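Please read the structure below before turning to the comments.
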Amino acid sequence: MLATGEAEPTQAADVYALGASLLISATGWRAVDYPDDAPRPVQRQAIADGRRRPVTAPGELGGVIEAMLSFTPEDRPTIYEVGKALSCG
């Protein structure tokens, strides 16, 4: 992404994006720590450097989000695993 400016869509990227959305919905904080007025290159570099905020969502949700936001794409759960973890029964 940093080299070309283009994101490659993957299932792991989708899981990360959903995890980031869940985190901001649950806590009010975005997943990556950078100033609110940071330009896109600074935002991208913060993501590449792994400057992720700690996941503070309560209970099992926090654990699922933590896994979804893993810096290593191969360590993220599949969307099926996420759905199973978030199901109510």
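All of the numbers you see were taken from the coordinates with simple rules; none came from a lab. What you see is a predicted model, and the numbers here were worked out from it, not measured in a lab. Cβ coordinates were reconstructed from backbone atoms using ideal geometry, including for glycine residues, and neighbour counts include every protein chain displayed.
Details
- A simple count of charges around THR78, restricted to other residues whose Cβ falls under 12 Å of its Cβ and scoring Lys, Arg +1 and Asp, Glu -1, yields -2.
- Charge dipole (the chain, unit charges on Cβ, about Cα centre) - positive-most of PHE71, PRO9, ALA46: ALA46
- Using the empirical formula 2.2 N^0.38 Å as the baseline, the Cα radius of gyration of the chain reaches a ratio of 1.11.
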